[in-house]
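The values are calculated or read from the model by the stated rules, or taken from the named source; none is laboratory data. For clarity, every value in this text was computed on a predicted model and none was experimentally measured. Here Cβ is always computed from backbone atoms with ideal geometry, including for glycine, and neighbour counts include all displayed protein chains.
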Amino acid sequence: MSSEKVNGKYIWGDITESEIVRQYDRKGREVACVQVDDMFRTLHNVQVGQVPDLRATLKLLKDMPMRTDDIFICAYVKAGTHWMWEIVNMLLRGSAEYDKTVKEENMIDFHFPKEFENLESPRVFNSHFTWRHLPTEIRDKKCKIIFLQRNPKDTAVSYFHHMKNLKIYGIEDDCGDFIDLFMKGRGPGYKSWFDYTLEWQEFIEDTSHRVPILSLMYEDLKQNPVAQVQKVAEFLKIQSDTQLVRSIAEKCDFKNMRKAVLNKNEAHPSVSDYQLLYRKGQIGDWKNWFTVAQSEEFDELVRQKMGTCTSKFVYE
């Protein structure tokens, strides 16, 4: 599979009609996507060259060389990856100052593995992929993984606003339509939240791989940030005094991150308002967007699909 980067844009190889999945929202509007394994990329997303050809990169990623001090932050879309990215980098530097780079630069989903070869150690990667798409050497090198989860209703709403803000996805203004696609596991981007969560649970519970994993909940980080930042520091074996941990927790408060984001070089032509990537971060905002019927339907889906899920989600 040929794939390359030309003038800052990723060029996909030829796409056949059999690789295209045409999805429809409740109003019958079409969202045409290229399906690659368990993920989807809209044709619009492919055409603007924002991400490399998944058909090629998924294979390359499996063989990506790892270092023993590599760190991975893994979470579903809009479950706190940006948040944890800042926390981890502040802890590593021993300073409550925002990183000059952006997490997308170290996101394995958006780059060829060779683009990471010259990064200084420790490298902090992040991804929305399930564990089976991560580099195989993670197991051999025992790279640390921080896995973050968020209640799925708030995730769905935040995902909608994120996609609408990213012009490359062509998402319309109806959150209800997006929630419907989310429940069907057909939202543009990544696989079903339900399947994603269960696959990660299976990996975490399988201790035979001996990969060190720290599982955190978004809501715990929101309600008790100091304790959660301290937990991350201990997991990474970083000696941090109480004042630094408190300073990091304060700097990584959503309001402060929204103010700081425009001071970083995060301008992107596909983003209409970069501050919206840190929209609210509130627990229970889903109530402003879900109808009663949608909430009940979602609850029933959770009962049907997530019976074996051991995670306890906080919805308000």
Original post:
Filter the range 213-257 for residues that are of a type in the set (Phe, Trp, Tyr) and in contact with a Gly (Cβ under 9 Å, 6 or more places away or on another chain); which is nearest to Thr68 (Cα to Cα)?
Top reply: Tyr218
Original post:
All but one of (1) in contact (Cβ under 8 Å) with a residue 60 or more places away in the chain; (2) under 20 Å from Thr130 (Cβ atoms); (3) over 19 Å from the mean Cα position of the chain (by Cα) hold for Lys59; which doesn't?
Top reply: (1)
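Is there a residue in the range 29-46 that is surrounded by fewer than 14 Cβ atoms within 10 Å (Cβ to Cβ), assigned to a strand (DSSP E or B) and without any contact (Cβ under 8 Å) to a residue 40 or more places away in the chain?
Filtering the range 29-46 for residues surrounded by fewer than 14 Cβ atoms within 10 Å (Cβ to Cβ) gives 29-30, 37.
Filter once more, so that each one left must be assigned to a strand (DSSP E or B): 30.
Filter again for without any contact (Cβ under 8 Å) to a residue 40 or more places away in the chain, leaving 30.
There is at least one residue in the range 29-46 that is surrounded by fewer than 14 Cβ atoms within 10 Å (Cβ to Cβ), assigned to a strand (DSSP E or B) and without any contact (Cβ under 8 Å) to a residue 40 or more places away in the chain.
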Original post:
List, please: which pairs have Cβ atoms under 6 Å, are six or more places apart or on different chains, and start with a residue in the range 64-77 that is in contact (Cβ under 8 Å) with a residue 24 or more places away in the chain and end with one that is of a type in the set (Lys, Arg) and surrounded by fewer than 20 Cβ atoms within 10 Å (Cβ to Cβ)?
Top reply: Met66/Lys141; Thr68/Lys141; Asp70/Arg123
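Can you confirm whether Met107 is touching an Asp or Glu at 6+ places or on another chain (Cβ under 9 Å) and of a type in the set (A, V, I, L, M)? Reasoning before the result, please.
Numbers: touching an Asp or Glu at 6+ places or on another chain (Cβ under 9 Å): no; of a type in the set (A, V, I, L, M): yes.
So Met107 fails the test.
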Subject >> the range 221-237, subset surrounded by 15 or more Cβ atoms within 10 Å (Cβ to Cβ) and in contact (Cβ under 8 Å) with a residue 40 or more places away in the chain, residue farthest from Glu316 (Cα to Cα) >> reply: Leu236
Original post:
Any idea how many residues of the range 92-133 are touching a His at 6+ places or on another chain (Cβ under 7 Å) and of a type in the set (Lys, Arg)?
Top reply: 1
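Going through the range 62-104 one residue at a time, which ones are assigned to a helix (DSSP H, G or I), over 23 Å from Arg150 (Cα atoms) and not aliphatic (A, V, I, L, M)? Quick ask: steps written out before the conclusion?
Step one: list which residues in the range 62-104 are assigned to a helix (DSSP H, G or I), which gives 62, 81-93, 103-104.
When the remaining residues are screened for being over 23 Å from Arg150 (Cα atoms), the result is 62, 92-93.
Result: Lys62, Arg93.
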Original post:
Restricting attention to the range 256-286, which residues are surrounded by 13 or more Cβ atoms within 10 Å (Cβ to Cβ), modelled with pLDDT of 65 or more, in a helix (DSSP H, G or I) and of a type outside the set (S, T, N, Q)?
Top reply: Met257, Arg258, Ala260, Val261, Asp285, Trp286
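Here is a yes/no grid of residues against (1) in contact with a Phe, Trp or Tyr (Cβ under 9 Å, 6 or more places away or on another chain); (2) modelled with pLDDT of 90 or more:
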{"position": "Leu134", "(1), (2)": "yes, yes"}
{"position": "Phe147", "(1), (2)": "yes, yes"}
{"position": "Val157", "(1), (2)": "yes, yes"}
{"position": "Leu166", "(1), (2)": "no, no"}
{"position": "Tyr169", "(1), (2)": "no, no"}
{"position": "Lys184", "(1), (2)": "no, no"}
{"position": "Gly187", "(1), (2)": "yes, no"}
{"position": "Val211", "(1), (2)": "yes, yes"}
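With the structure loaded, tell me whether Ala75 is of a type outside the set (Val, Ile, Thr) and at pLDDT 95 or above or whether it fails that test. Talk me through it step by step, then tell me what you get.
Values: of a type outside the set (Val, Ile, Thr): yes; at pLDDT 95 or above: yes.
Answer is yes for this residue.
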Subject >> Residue in the range 95-132 that is surrounded by the fewest Cβ atoms within 10 Å (Cβ to Cβ), counting only those that are over 26 Å from Phe254 (Cα atoms) and of a type in the set (D, E, K, R) >> reply: Glu120
**OP:** Determine, yes or no, whether Thr136 is closer than 14 Å to Phe72 by Cα and surrounded by fewer than 16 Cβ atoms within 10 Å (Cβ to Cβ).
**Re:** yes
Original post:
So Met90 fits all but one of (1) over 26 Å from Pro122 (Cβ atoms); (2) of a type outside the set (S, T, N, Q); (3) touching a residue at least 60 places away in the same chain (Cβ under 8 Å); what number is the exception?
Top reply: (1)
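Of these, Asp38, Asp99, Asp53, which one is modelled with pLDDT under 95 and under 27 Å from Cys175 (Cβ atoms)? Explain how you work it out, then say what you get.
On the way: Asp99 fails: under 27 Å from Cys175 (Cβ atoms); Asp53 fails: under 27 Å from Cys175 (Cβ atoms).
The conditions single out Asp38.
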Original post:
In the range 142-160, which residues are charged (D, E, K, R) and either surrounded by 24 or more Cβ atoms within 10 Å (Cβ to Cβ) or under 16 Å from Met84 (Cα atoms) (or both)?
Top reply: Lys144, Arg150, Lys153, Asp154
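Among the residues of the range 5-26, is any buried (at least 20 other Cβ atoms within 10 Å of the Cβ) and in contact with a Lys or Arg (Cβ under 7 Å, 6 or more places away or on another chain)? Even if it seems obvious, please write down each step before you answer.
First, pick out the residues of the range 5-26 that are buried (at least 20 other Cβ atoms within 10 Å of the Cβ): 10, 12.
Checking the rest, the ones that are also in contact with a Lys or Arg (Cβ under 7 Å, 6 or more places away or on another chain) come to none.
No - not one qualifying residue is present in the range 5-26.
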